[in-house]
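Inspection log for the structure reproduced underneath, given as structure tokens.
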Ligand code: HH2
């Protein structure tokens with residue numbers, strides 16, 4: 001159902017241009033994300049996180065029961081999420097790989113139960129082409145590949161075959177090894193180059209340009225300082241010409257800087273999401289949908305004001 005639904009959130013403001021920045025010139029921001037069929041997402045948008053894992057760092061174990069997962073997804077959509085991102089494998093630092101059949105055992109019942117109830121598109125957070133193939137056949141619209149096409153050589157072709165959306169995220173190594181790979185000579189240049197190359201590979205495999213979303217991979221082979229620098233320098237990634245997704249929600253750098261209580265985590269995550277949107281991000285991936293929707297409305301309005309002459 002989601003793949004043929006025109007899904008517009010009239011409540012969210014359009015983001016017209018990124019503010020001027022030492023990291024790049026102003027450029028027009030995409031206002032809409034076109035997915036397969038007649039599905040259109042108005043940008044900026046919120047992607048709600050639904051982890052159906054026993055061990056995710058924030059919500060692990062809470063939505064293992066498919067009926068709880070479905071209720072939570074419907075709640076997030078009602079709160080203003082434009083995409084629901086379902087994950088069956090934790091990618092927290094040190095996490096071990098989950099076999100494809102176990103990932104599918106966690107995800108498929110939730111997609112099947114959600115499809116008839118959800119208006120917005122479903123994204124699936126997976127690095128494996130066989131998982132992508134199965135969930136796209138069940139009606140998912142987007143594959144969120146945190147490996148940025150580096151884990152499974154068949155991923156881009158699989159996404160292209162289904163004409164699905166593709167989130168290409170930057171990381172190094174795997175969740176098990178990435179912590180020791182957080183060394184860069186030119187952080188922004190290296191992340192930007194890697195994303196540019198991965199998007200070229202996606203295009204060569206047949207993924208449509210309009211389906212590609214880039215993500216600098218906050219927390220993936222990045223130190224606290226790298227995360228902050230990437231958020232500040234986001235206009236440089238936006239310059240590549242694709243919508244940019246940013247995931248900061250409840251991550252460890254937020255915990256370190258803002259505090260670990262639920263309220264502190266929420267405030268720190270919302271502040272980082274606001275800066276991401278102000279600096280040109282089109283989508284933020286979050287656990288707390290309602291407060292983030294309110295936050296990014298303000299951030300998008302400020303970004304718009306930054307590009308307008310006020311008399
Ligand atoms: N972060 C996580 C997982 N998937 N996908 C994208 N595109 N960007 C991100 O920043 C991102 C992501 C990690 O967060 P979470 O899903 O809450 O935890 P876990 O991986 O432990 O399930």
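Some values worked out for this structure:
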{"read-out": "Subset of region 243-258 (residues that are within 18 Å of residue 45 (Cα to Cα), out of contact with any helix residue (DSSP H, G or I) (no Cβ under 7 Å at 6 or more places or on another chain) and part of a loop (DSSP other than H, G, I, E, B))", "value": "243, 247"}
{"read-out": "First in region 209-221 and at negative phi, second anywhere and in a strand (DSSP E or B) and more than 9 Å from the ligand (Cβ to nearest atom), Cβ under 6 Å, 6 or more apart", "value": "210/34; 211/165; 211/166; 212/166; 214/244"}
{"read-out": "Index of the failed condition, residue 210 passing every other in (1) within 16 Å of the ligand (Cβ to nearest atom); (2) in contact with a strand residue (DSSP E or B) (Cβ under 9 Å, 6 or more places away or on another chain)", "value": "(1)"}
{"read-out": "Matching option when the condition is in contact (Cβ under 8 Å) with a residue 12 or more places away in the chain, surrounded by fewer than 23 Cβ atoms within 10 Å (Cβ to Cβ) and farther than 19 Å from residue 147 by Cα, among 310, 275", "value": "275"}
{"read-out": "Flag for residue 225 being under 15 Å from the mean Cα position of the chain (by Cα), farther than 30 Å from residue 308 by Cα and at pLDDT 95 or above", "value": "no"}
{"read-out": "Wholly within region 121-204, strands (runs of 3 or more DSSP E) carrying at least 3 residues that are in contact with a helix residue (DSSP H, G or I) (Cβ under 6 Å, 6 or more places away or on another chain)", "value": "165-169"}
{"read-out": "Of all residues in region 249-269 being buried (at least 24 other Cβ atoms within 10 Å of the Cβ) and under 16 Å from the mean Cα position of the chain (by Cα), the one that is farthest from the ligand (Cβ to nearest atom)", "value": "269"}
{"read-out": "Residue match in region 97-112 (condition: more than 15 Å from the ligand (Cβ to nearest atom) and either closer than 21 Å to residue 40 by Cα or buried (at least 23 other Cβ atoms within 10 Å of the Cβ) (or both))", "value": "yes"}
{"read-out": "Qualifying residue in region 123-139 (condition: away from the ligand (no atom under 14 Å from the Cβ), at pLDDT 95 or above, surrounded by fewer than 24 Cβ atoms within 10 Å (Cβ to Cβ) and under 16 Å from residue 289 (Cα atoms))", "value": "no"}
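Yes or no, residue by residue, for (1) within 17 Å of the chain's Cα centre (by Cα); (2) surrounded by 23 or more Cβ atoms within 10 Å (Cβ to Cβ); (3) under 21 Å from residue 115 (Cα atoms); (4) within 13 Å of the ligand (Cβ to nearest atom):
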site: 162; (1), (2), (3), (4): no, no, yes, no
site: 166; (1), (2), (3), (4): yes, yes, yes, yes
site: 182; (1), (2), (3), (4): no, no, no, no
site: 187; (1), (2), (3), (4): no, no, no, no
site: 195; (1), (2), (3), (4): yes, yes, no, yes
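Residue by residue, here is whether (1) modelled with pLDDT of 85 or more; (2) within 12 Å of the ligand (Cβ to nearest atom); (3) under 15 Å from the mean Cα position of the chain (by Cα); (4) in a helix (DSSP H, G or I) holds:
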residue: 33; (1), (2), (3), (4): yes, no, yes, no
residue: 49; (1), (2), (3), (4): yes, yes, yes, no
residue: 61; (1), (2), (3), (4): no, yes, no, no
residue: 77; (1), (2), (3), (4): yes, no, no, yes
residue: 81; (1), (2), (3), (4): yes, no, yes, no
residue: 84; (1), (2), (3), (4): yes, no, yes, no
residue: 91; (1), (2), (3), (4): yes, yes, yes, no
residue: 95; (1), (2), (3), (4): yes, yes, no, no
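The values are calculated or read from the model by the stated rules, or taken from the named source; none is laboratory data. Computed from a predicted structure; not experimentally measured. In this analysis, Cβ positions are derived from the backbone assuming ideal geometry, glycine residues included, and neighbour counts consider all displayed protein chains.
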